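**Student:** Got a structure for you, written out below as structure tokens; questions coming shortly.
The values are calculated or read from the model by the stated rules, or taken from the named source; none is laboratory data. In this text, all values refer to a predicted model and were calculated from it rather than measured experimentally. Note: ideal-geometry Cβ built from the backbone for every residue, glycine included; neighbour counts use all protein chains shown. Note: areas computed on protein heavy atoms with side chains; ligands, DNA, RNA excluded. Shrake-Rupley method; radii C 1.70, N 1.55, O 1.52, S 1.80 Å.
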Number of protein chains: 2
Amino acid sequence: MTTGFSHVSAPTRYAEANGVRYAHRRFGGGTGTPLLFLQHFRGGLDHWDPAVTDGLAAHREVILLNNAGVASSTGETPDMFDTMADNAAQFVDALGLARVDVLGLSIGGAVAQELALRRPELVRRLIIAGFKPRAGEVEGTAPDMIEVATRNEVPTLGDFLYLFFEPSETSQAAGRAFWERRHRRTVDVDPLTTKETMVAQLTAMEEWAQQRGERYSELARITAPTLVVNGRRDIMIPTINSYILAQHIPNAQLVLYPDSGHGSIFQYPDLFVSQAARFLDAEHPFT
Amino acid sequence: MTTGFSHVSAPTRYAEANGVRYAHRRFGGGTGTPLLFLQHFRGGLDHWDPAVTDGLAAHREVILLNNAGVASSTGETPDMFDTMADNAAQFVDALGLARVDVLGLSIGGAVAQELALRRPELVRRLIIAGFKPRAGEVEGTAPDMIEVATRNEVPTLGDFLYLFFEPSETSQAAGRAFWERRHRRTVDVDPLTTKETMVAQLTAMEEWAQQRGERYSELARITAPTLVVNGRRDIMIPTINSYILAQHIPNAQLVLYPDSGHGSIFQYPDLFVSQAARFLDAEHPFT
């Protein structure tokens, strides 16, 4: 299927499942498996980088999703990533898709892990950007991370430059360029996420910080070939967590980008798209 | 310059510098900066993977080198990587090249680091596969690693399958495919490296294990953009060392491949070549 739409032009659509009306956008096209994007803390449909979404949409349909309760989706934001994963699965089922690739950024990476664990038949390949395993490492987290991420009703450029990018001139410039791209869409924009969503997502993060069984043992059950990416110094989710993910997920490649942080895929969109597209396109993964 | 030669056909040539006759081969061509290959423990000109060398030779000249004292080169193998780096620099100077890219595998990765530190103007970009910083981490090294790597006068397929690959079926099969490719060259083959070379290289490894100044502080002075790669579980040089290199070299991207070890670039030659070529070809690194 080829939609003819792009990041800025794709209309917001709705799909109903279990009483929730899921706001989403579909664009791009080609022969690749559809790629489902799972968004970061407090983020909605408008908070991706068009250079990433359109880049990956060149050879497959991409699907941006507001999970239950998030922005233009109805329902309540769950306070567990498990439940968010079940919601995402119900959304994919409602679209009638038997199998998707999944890209999860930040907390979207937790939802993506749970989705791969709970509905393995649904997830062909997995990309986890800037996140951690359950009970991951916290050393290296900026002490004011939560404060900055929650202090403004609408997170500002300054908040993003601090949380998603490095203090270096080059990374800050890349952050500003991302911010410009992120605002290119001017019609049919998504409403803000609510304080309720923020609180529920924070609660889910707290739950995710708790160990369940042997530490990292769940990762061994992820059967989907996985690409783990992050920036060299992520002050939100310390970068060593990406290393740990790739050490424990049975079939995972790790890529860490220089001079970057939590938003590395928005700092190196072209490089990331080329690596992700090769990973997704290969008939046998990692060839 | 385009040579018309490939891995199997390039004649062994000699370049003289400071009394040493350096055996080397040049092949491939194109507009890229020439890429110098620095070989692993006990390895010579014939011990690269043609899928890697020819793959990278598609858009640049590649230069395989036997460092001083190694196989068909004359002179003595030094017992310090510093000196090996000086020798490699003298060889590059003797070829009349003002600037090269450098790919160091295993101990070649130590020589590459020292070369980038001692002659920064000579090294445009750096690739370090399967190695560690000075005074790197040793936890995770197979206790019988040195024994297996030194026990046979001619290292066997079995030695390589154990040292360079994972025990998994897929990795072992990739190791056998590498071994087949490695033996495709049948004319003008390189003599074996000597026991003296082996002992000198072991001594260099012992010296490299010693801290010099603040741990890892030297890495901050590497100015060349760097690509660090390894397999997920390297039993010769534990994989965490690749993470440490990429954390401390100021402008470094890390790639770790799944289901693989010390010889990851020989297990995923096509994927590695695509990632390395993009890294080398980009006008600005990491774009």
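**Student:** Just to be sure before I move on: is B:ASN241 of a type outside the set (D, E, K, R) and open to solvent by 10 Å² or more (accessible area, probe 1.4 Å) in the structure I sent?
**Tutor:** The answer is no for B:ASN241.
**Student:** I would also like to ask the following. Out of the residues in segment B:197-227 that are of a type outside the set (S, T, N, Q) and surrounded by 20 or more Cβ atoms within 10 Å (Cβ to Cβ), state the one that is nearest to the chain's Cα centre (by Cα).
**Tutor:** Across segment B:197-227, the extreme among qualifying residues is B:LEU227.
**Student:** Collect the residues in segment A:118-133 that are more than 15 Å from A:MET236 (Cα to Cα) and either assigned to a helix (DSSP H, G or I) or touching a Phe, Trp or Tyr at 6+ places or on another chain (Cβ under 9 Å) (or both), keeping them in residue-number order.
**Tutor:** Passing the criteria: A:ARG118, A:PRO120, A:GLU121, A:LEU122, A:ARG125, A:ILE127.
**Student:** Under the condition of being farther than 17 Å from A:ASN87 by Cβ and charged (D, E, K, R), which residue from segment A:112-126 is least open to solvent (accessible area, probe 1.4 Å)?
**Tutor:** The qualifying residue least open to solvent (accessible area, probe 1.4 Å) is A:ARG125.
Each row is one residue, and each column tells you yes or no for (1) part of a helix (DSSP H, G or I); (2) away from chain A (no Cβ under 13 Å).
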{"position": "B:LEU202", "(1), (2)": "yes, yes"}
{"position": "B:GLN211", "(1), (2)": "no, yes"}
{"position": "B:LEU219", "(1), (2)": "yes, no"}
{"position": "B:LEU227", "(1), (2)": "no, no"}
{"position": "B:ARG233", "(1), (2)": "no, no"}
{"position": "B:LEU254", "(1), (2)": "no, no"}
{"position": "B:ASP270", "(1), (2)": "yes, no"}
{"position": "B:THR287", "(1), (2)": "no, no"}
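**Student:** Among the residues of segment A:256-268, write down those that are closer than 25 Å to A:PRO34 by Cβ, in a loop (DSSP other than H, G, I, E, B) and more than 8 Å from chain B (Cβ to nearest Cβ).
**Tutor:** A:GLY263
**Student:** Could you list, in sequence order, all residues of segment A:10-59 that are buried (at least 24 other Cβ atoms within 10 Å of the Cβ), over 28 Å from A:LYS195 (Cβ atoms) and under 16 Å from the mean Cα position of the chain (by Cα)?
**Tutor:** Within segment A:10-59, A:LEU35, A:LEU56, A:ALA57 meet the criteria.
**Student:** Okay, moving on. Scan segment B:235-252 residue by residue and report those that are among the hydrophobic types (A, V, I, L, M, F, W, C) and either under 21 Å from B:ARG221 (Cβ atoms) or within 11 Å of another protein chain (Cβ to nearest Cβ) (or both).
**Tutor:** Within segment B:235-252, B:ILE240, B:ILE244, B:LEU245, B:ALA246, B:ILE249, B:ALA252 qualify.
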